[in-house]
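In what follows, a structure is listed as structure tokens, so that the remarks can point back to it.
The numbers here are math on the coordinates, done by the rules we state, and not lab data. Since this is a predicted model, take the numbers as computed values, not measurements. Neighbour counts run over all protein chains shown; Cβ positions are idealised from the backbone, glycine included.
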Amino acid sequence: MSTCFIADLHLSEKHPEITQRFLYFLKQEASKHQTLYILGDLFEVWLGDDLSSEEAHPILQALHDTVQQGTTIYIQHGNRDFLLGTAFEKQSGCKLIPDPYRIELDNTPILLTHGDQLCSDDKNYQRYRSIIQHPITRWSLLHLPHFFRRKIGQQLRQQSNLGKLEKSSYTMDVTTHTVESWMRNHRVNQLIHGHTHHPAIHTLSVDGEPAQRMVLGDWDSGNSMLFYDSGEFTLQSA
């Protein structure tokens, strides 16, 4: 059976049509694959497992049902949903994995990452990320009163300073030397990421060896998926 990779769905109550497409995808497509990797930003905003909205419950149940049917689902944190935690894992049946994360498919090592760390030329964003995703900051956010976290969520949805920083990151795209450094340090010739919303399969050279950088698209206007089967990658939008 094949492996499927997706990212950047940004699920929220503001865009129920994307949620419906994802639920249909889980029911009709995901079960065809042995493994599904979601490389960050499954949700537009996640303020903590104890504050999951009513709109999230069908998503968690659908993920759980898909896992029960035999598909293993791995999820990385994105820059929007980095507060996903152990309660989410238990409810959804999914497994949270670190970023970056190295896997092997048919004995070929592949590096998975959300992708925002590869945008290293955006110094303001990287500085912000180092603060907001620091373990102490995460702990502090999760221990804020519910009403305060909801207020933060409203600000995020209204394109607050976080949104502006992210927009700069998307515009700048990844930095080539950072991509090459990551691939070299992790001893891989294939890298899969999201975040930039520019789906493509890029060829490059790392220390004289041929390499590939595969970029997942967002789900704003369609389902962006990367499939692996029998040694071949296929990028598809539907």
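For Leu105, the residues whose amide H sits under 5 Å from its own are Ile110, ignoring neighbours fewer than 5 places away on the same chain, with H placed 1.01 Å from N. Figure legend: label point modelled 7 angstrom from the Cα of His198 along Cα→Cβ; residues of region 76-119 with amide N under 15 Å from it are 115-119. Charge tally around Asn185: other residues with Cβ under 13 Å, Lys/Arg +1 each, Asp/Glu -1 each, net +1. Classify region 45-131: rounded, prolate or oblate, from the alpha-carbon gyration tensor (a ≥ b ≥ c, eigenvalue square roots; a/c under 1.5 rounded; otherwise prolate if a/b is larger than b/c)? It is oblate, given that a/c is not under 1.5 and a/b is not larger than b/c.
In a shell of Cβ-Cβ distance under 15 Å around Pro58, excluding Pro58 itself, what net charge do Lys and Arg (+1) and Asp and Glu (-1) give? Spelling it out: positives minus negatives among the neighbours equals -3.
Between Glu209 and Ile132, take the C-beta separation as r, use R0 = 30 Å, and let me know the FRET efficiency to the nearest 0.05.
Using R0 = 30 Å, I get an efficiency of 0.25.
Largest mean-square fluctuation among Gly222, Gly208, Gly115, in a Gaussian network model of the chain whose springs join Cα atoms under 10 Å apart, belongs to Gly208. Sorted from longest to shortest, the spans of the Cα atoms of the chain along the three principal axes equal 54, 43, 30 Å.
Checking the Cα-Cα distances for Lys32/Lys151; Lys27/Lys151; Lys95/Lys151 against a 32 Å cut-off, the pairs over it are Lys32/Lys151; Lys27/Lys151. Can you give the calculated 222 nm mean residue ellipticity of the chain, where each DSSP H run of n ≥ 4 adds -39,500 (n - 2.57) and the sum is split over every residue, rounded to the nearest 500 deg cm²/dmol? That comes out to -10500 deg cm²/dmol.
Could you tell me whether region 87-155 comes out rounded, prolate or oblate from its Cα gyration tensor? Rule is a ≥ b ≥ c as square roots of the eigenvalues, rounded for a/c under 1.5, then prolate if a/b exceeds b/c, otherwise oblate. The shape class here is oblate. If R0 is taken as 30 Å, the Cβ-Cβ distance between Thr175 and Ala87 corresponds to a FRET efficiency of 0.30.
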